[in-house]
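Written below as structure tokens is the structure these notes are about.
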Amino acid sequence: MDRRGLIKALIAAGLVSPTALQAALRTDFKYLVLVELTGANDGLNTLAPFESDAYHRLRPTLKLATDQIIRVGESPIVGPLGLNVELAKLVDEGWGQDIAAVMGLGYPAPNRSHFSSIALWETGGDGLQVGNRGWVTDTLERLYPGQQRIHGVTLSQSMGLFKSGRGVYTSIANLNQLKGYQPASMQATDNPLLQLMAQRRSDLSLASRTIRETLESYGASRLPLQPRYNPLGNQLRDVMRIIGAELPIPVLHLQHGSYDTHKSQKYRHRSLLRDLGENLSLFSRGLKQMGRWDDVLVVTYCEFGRRALENANGGTDHGTANTHFVMGGRVNPGVYGRHPSLTELVNSDMQHTLDYRGLYDRICTQWFEDPLERWQPYREPDLSGLIRARS
């Protein structure tokens, strides 16, 4: 039984007052964990239309056979859908319970540059123009105001997700690097610009100290189980420590890859998906044991999908529409969206069927409960039941 369930049981027995219950429940904090699949994952071989004749023609050597998939759904456009067997740990852990796949994600006027397209995804751009702010920063700063609050942390070096944010965002490739880092002191000045710069520096250094000191009191040995000791597992371990220590940082960003499989994709992609599935499985299992899985939403994303037609090097080139995962204790499981057609391609590319900003709308509205979020014009009815309300 998690902390929330325990408190409810105590109030039912008359051992805790309703006021104490509400105060205890307010200590729960919601986390959005964004896992960037750098280099662009091949969604077509992640959730494969394995019986489609068009799929077999487009992928003569890369197609997945029936013993390489786990059947998880059906599409009226491409037929049965199979999850790549390398993600079997996700099926064991929660498929059908708290994992969803969202198909056909993309945007108009697709851009196939890694740098440009990831900037579009992280700012909510439309394919022609990059947004001027990170897609979630407005929501974070509106819902979590106040000085000395940390709004977002990346466990990598990339800060694009928090572009031009006015809150406190920091990059910590490895939390141990913060040891010995002291907050900068404010310097007296009458210059408004220098005052702002000094305040920002102080906020960031204080945030770094806060993270370091909190995590020193919540070592990895306190976790109920450990993700793998590899780059992704190490990032997820640090995220678990942040959650276990109840450090209120609403967005945590990680990276895994590279998925840029222009050649020799068959074996490289298998290894990447296996690592992703095993680590996310351990992460979710650990958070369930900690009683925090209902407080966490995990979402994968990347710059674009891969081309439907395999290339001559046993790989796939930069494409368009893609499938991504949403996981968490409040996720209604299943396959969402519409799989793109494999017979109506443009330059060997699938055409997106769902604007990715529709997913942002669901996250901001259903997860963060932000009534003023800016992605409402992209609301997608197919995603209306993706995330359950907090019980």
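The values are calculated or read from the model by the stated rules, or taken from the named source; none is laboratory data. Computed from a prediction, not measured in an experiment: that's the story for all the values here. Heads up, the Cβs are rebuilt from the backbone with ideal geometry, glycines too, and the neighbour counts pull from every protein chain shown. To get the accessible areas, we keep the full protein, side chains included, count just its heavy atoms, and leave off ligands, DNA and RNA. Shrake-Rupley method; radii C 1.70, N 1.55, O 1.52, S 1.80 Å.
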Identity of the residue in segment 249-268, farther than 26 Å from residue 237 by Cα and hydroxyl-bearing (Ser, Thr, Tyr), that ends up most open to solvent (accessible area, probe 1.4 Å): 267
Considering every residue within segment 309-318, establish whether at least one is among the hydroxyl-bearing types (Ser, Thr, Tyr), open to solvent by 30 Å² or more (accessible area, probe 1.4 Å) and modelled with pLDDT of 95 or more. no
What's the total number of residues in segment 140-164 that are assigned to a loop (DSSP other than H, G, I, E, B), open to solvent by 50 Å² or more (accessible area, probe 1.4 Å), at negative phi and not basic (Lys, Arg)? 4
Which of (1) in contact with a Gly (Cβ under 9 Å, 6 or more places away or on another chain); (2) open to solvent by 10 Å² or more (accessible area, probe 1.4 Å) does residue 356 not meet, given it meets every other one? (2)
Residue list for segment 306-348, filter: under 30 Å from residue 389 (Cα atoms), β-branched (Val, Ile, Thr) and touching a Gly at 6+ places or on another chain (Cβ under 7 Å): 323, 335
Condition first: at pLDDT below 95 and within 24 Å of residue 236 (Cβ to Cβ). Can you find one or more residues in segment 29-48 that meet it? yes
Unique match (being open to solvent by 20 Å² or more (accessible area, probe 1.4 Å), charged (D, E, K, R), free of Cβ contacts under 8 Å to residues at least 60 places away in the same chain and in a helix (DSSP H, G or I)) among 241, 209, 228: 209
Odd one out for residue 89, checked against (1) in a strand (DSSP E or B); (2) open to solvent by 40 Å² or more (accessible area, probe 1.4 Å); (3) under 22 Å from residue 268 (Cβ atoms): (1)
Please determine whether any residue of segment 256-264 is in contact (Cβ under 8 Å) with a residue 12 or more places away in the chain, within 23 Å of residue 160 (Cα to Cα), assigned to a strand (DSSP E or B) and not charged (D, E, K, R). yes
Just name the residue that is nearest to residue 286 (Cα to Cα) out of those in segment 92-131 that are of a type in the set (D, E, K, R) and surrounded by 19 or more Cβ atoms within 10 Å (Cβ to Cβ). 93
Sort through 77, 99, 69 and tell me the only one that's under 21 Å from the mean Cα position of the chain (by Cα) and under 16 Å from residue 323 (Cα atoms). 99
If you scan segment 366-387, which residues turn out to be free of Cβ contacts under 8 Å to residues at least 60 places away in the same chain and open to solvent by less than 40 Å² (accessible area, probe 1.4 Å)? 366, 380, 385
Counting only residues in segment 41-66 that are over 18 Å from residue 339 (Cα atoms) and touching a residue at least 40 places away in the same chain (Cβ under 8 Å), the one least open to solvent (accessible area, probe 1.4 Å) is identified as 62
I need a count of the residues in segment 92-139 that are at pLDDT 95 or above and assigned to a strand (DSSP E or B). 8
Give me the pairs, please: first residue somewhere in segment 67-84 and within 19 Å of residue 96 (Cα to Cα), second residue anywhere and among the aromatic types (Phe, Trp, Tyr), beta-carbon distance under 6 Å, and either six or more positions apart or on two chains. 69/50; 82/50
